[in-house]
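The values are calculated or read from the model by the stated rules, or taken from the named source; none is laboratory data. All of these numbers come straight from a predicted model, not from anything done at the bench. Glycine also receives a Cβ, built like all others from the backbone with ideal geometry; neighbour counts cover every protein chain displayed. Side chains included, ligands, DNA and RNA excluded: accessible areas come from the protein's heavy atoms. Shrake-Rupley method; radii C 1.70, N 1.55, O 1.52, S 1.80 Å.
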Amino acid sequence: MTELSMTQLLIFSGILGLVIGSFLSMLTWRLPRIMMLEEEAQFKEISVGGSKCPQCDTNLPWYRLIPLFSWLASKGKCHNCKTKISPRYPLIETATATLTIACMWQFDLTADGIAATLFSWILIAIFVIDYEHQLILDNLSLPLLWLGLLFNSQNLFATPADAIWGAAIGYLLLWIVFHAFKLTTGKEGMGYGDFKLLAALGAWFGFIALPQIILIAAVTSILLGVIGMVLKTRDRDTPMAFGPFLALGGWATLFLGPNIF
């Protein structure tokens with residue numbers, strides 16, 4: 001694989017990204033539901049069962065599970081009951097393929113490129129689950145944190161010391177904001193999952209990147225919130241997941257560096 005041309009590498013990366021994206025679309029649908037289940041029978045059905053139409057419960061054959069192309073070929077509908085299939089599946093697959101290609105384009109098939117790709121795959125899962133359920137799972141944020149520390153033991157994106165301080169300060173910053181907001185308003189402004197996600201991003205890019213990650217997350221969340229209120233697509237008091245905006249700050253730092261501003 002090290003002898004692949006850049007064009008071949010990008011084509012391979014796109015195909016691999018679609019396959020991983022298909023897995024992530026399934027994972028992000030099943031994992032939150034598995035965490036909420038109490039009955040063992042339901043747990044087994046969701047965790048190990050094959051892919052089915054959520055409406056008519058028809059098992060999907062392999063040729064209906066080809067990433068992106070199966071959805072396009074079926075025109076976004078179940079072949080059996082003709083119920084519309086959520087566009088979340090091709091969107092996740094396309095986003096994963098795009099980010100995989102971008103990682104290989106920028107970092108090539110190197111340790112940095114492999115690390116950046118793993119970072120993006122895990123962050124996509126966190127992004128989607130938090131967007132859909134306002135929930136950041138430890139099963140995803142903690143492995144992301146430990147991977148950042150392990151990769152940076154080899155100085156990939158930050159020095160080991162910067163990564164350790166980044167993880168500690170990242171957690172502490174949002175912990176302070178959380179308790180200050182709760183003390184002054186009596187309300188909880190965010191969840192503990194956001195602390196762990198920012199700690200993970202600090203572990204990847206060091207403490208120097210934390211201000212820009214928070215700034216990007218804050219500005220984009222405010223802009224989206226204001227646009228939503230102007231267009232009347234969301235209410236002022238409707239909670240908004242903060243994890244996806246932290247993820248945007250993480251990707252901006254990955255591709256543009258920790259000194260954008």
Projected label distance in nm at Leu231 and Met36, using a 7 Å step from Cα toward the beta-carbon: 2.5
Net lengthening on full extension, Val177/Trp146 (0.36 nm per residue, minus Cα-Cα): 8.8 nm
Round to a whole angstrom and tell me the spacing of the C-alpha centers of region 91-114 and region 218-249. 27
Using a Gaussian network model of the chain whose springs link C-alpha atoms within less than 10 Å, name the residue from Glu188, Glu93, Glu132 with the highest mean-square fluctuation. Glu188
Contact order normalised by residue count of region 114-214, Cα under 8 Å, 6+ apart, percent: 34
In nm, to one decimal, how far is the Ile15 label point from the Ala111 one, both placed 7 Å along Cα→Cβ? 2.9
Student exercise, region 61-210 dipole from Lys, Arg, Asp, Glu Cβ charges, in Debye to nearest 20: 800
Total Lys pairs in the chain closer than 15 Å by alpha-carbon, pairs eight or more apart in sequence or interchain only? 5
Candidate values [x] 55, 52, 42; [y] 94, 48, 38; [z] 66, 41, 34, label of the one derived for Cα extents along the principal axes in Å: [x]
Could you work out which residue, out of Thr117, Thr98, Thr83, moves most in a Gaussian network model of the chain, that is, has the largest mean-square fluctuation with Cα springs under 10 Å? Thr83
Gaussian network model of the chain, Cα within-10 Å springs - most flexible of Ser141, Ser74, Ser13: Ser74
Any residue on another chain or 5+ positions along whose placed amide H is under 5 Å from the amide H of Lys77 is listed here as Ile85
Show me the trypsin sites (Lys or Arg not before Pro) within region 207-261 that DSSP assigns to loop and that have at most 10 other Cβ atoms within 10 Å of their Cβ. Lys232, Arg236
Take Thr238, project a point 7 Å from its Cα along the Cβ direction, then tell me which residues of region 207-227 have their backbone nitrogen under 18 Å from it. 220-227
Net charge near Ala200: determine it from the other residues with C-beta under 15 Å of the C-beta of Ala200, scoring Lys and Arg +1 and Asp and Glu -1. -3
Region 202-261 - percent relative contact order, Cα under 8 Å, separation 6 or more: 51
At 1.4 Å probe radius, can you tell me the per residue accessible area of region 132-261 in Å²? 54
Calculate one ³J(HN,Hα) per residue across region 163-172 by plugging θ = phi - 60° into the Karplus curve 6.51 cos²θ - 1.76 cosθ + 1.60, and present them in order as whole Hz with x for glycine and proline. 5, 5, 5, x, 5, 5, 5, x, 5, 5
Share of accessible surface on carbon and sulfur in region 75-155, whole %, 1.4 Å probe and ligands ignored, is 64
Could you work out the local net charge near Gly191, counting Lys and Arg as +1, Asp and Glu as -1, over the other residues with Cβ closer than 13 Å to its Cβ? -1
State, to one decimal in nm, how far the label point of Asn259 lies from the label point of Glu132, with both points 7 Å from Cα in the Cβ direction. 4.0
